[in-house]
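Quick note: the coordinates plus some simple rules give every number you see, no bench work behind them. Just so it is clear, the structure is predicted and the values come from calculations on it, not from any experiment. Cβ sites come from the backbone with ideal geometry, for glycine too, and all protein chains shown count toward neighbours.
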Amino acid sequence: GCLFPADAAYISQLSDIGLRAGCVLAEKGARGHFSIDTVAVCDDSVSGDGSWRVFAVEVNARKGGTTYPAAITRLLTGAAYDEATGALLAGATSKYYLSTDNLSSEQYRALSVKQVVLAVSRAGLLFCSETRTGAVLHLLSTLGQFGKVGVTCIADSRSDAEALYLRVCSALNAAAAAVNTDDSVSFHGLVLPTNSRLDPNLASHSSTSNPGHAAAGSSPRYHPVDLDQSVHVLAASALDWAAAHGLMMHESGGSFVVAPLALTPHNWPRALFKQAVALAPLCNEMLNNVCREPQFIFDSLARCVWLSCVNSFSERSGDPP
């Protein structure tokens, strides 16, 4: 997890290390995100007044665990990073956040994505665009398997961010305690409530008639189950997963629906699988090369007449910057 901004005793050192490392990487041709792991030590031996020293221990040429909370806070609040103070400023207001990707409890495994969102929403804790404060949930797909969820608590003070986090924990704990775990079924390591409502016509095939289960029966992840009893649970979980991961399709009228997906595993011909593995590096190299030729992308999109039929945003995607 992380707490922003850093302690005033060493925040200027952190900013200096980040700026210096960024300049060195830029000189060497690096592009994109990078993250730095640091260690802060209270060194009384230097001045005897409790001064802090910050040491950079590792540079990662990628997004880090703190990239998401920083980005989502800037996006939702419109705040900008102030180099002079090391603060995120939304106008004249400093924004604070406390974030974790490991808010976990074994009891949370019984909760669905919908139950988690409703619990936080009913407690009045979800992010509000008017006050530009509140909790942002993420990593919801890890609920069923690991009993954990991510949350970024955005506020106008450090104490408010910490208090908001504790209230989110209380809301989830109360929701988990209210779930009757005796009325549950295990599937692929997930514990899901069985009282969801779904069309019973979906439960028309048992797992014993699916050859894909026989082939994967030795794997705990694809352990055969009686779909006549649990397909409605599996379908509800799949819908939650699709919504949490943006697996949605746009329909006319501005609505969205879940894209088609398979509920059960299927055999994949070994020869085709090997072909896909062999093609993957070539496709990756092609995409990398195309991304480095922006003019080619603009020229290609300019010829796509269908862009103007989708929406104004897609139509502008073919315009050079």
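Here are a few things to note about the model shown:
- What separates the Cα centres of region 145-179 and region 59-118 is a distance of 13 Å.
- Contour minus Cα-Cα distance for PHE146 and ALA92 (0.36 nm per residue): 15.4 nm
- Extension gain, PHE273-LEU25: 0.36 nm per intervening residue step, less the Cα-Cα distance, totals 85.4 nm.
- Convex hull of alpha carbon positions in region 21-166: directionally averaged projected area 12.0 nm².
- Seen from all directions on average, region 1-78 presents a Cα convex hull projection of 6.3 nm².
- With each label modelled as a point 7 angstrom along the Cα→C-beta vector, the SER300-MET286 pair spans 0.9 nm.
- Take the Cβ atoms of GLU58 and ARG167, set R0 to 30 Å, and the FRET efficiency comes out at 0.30.
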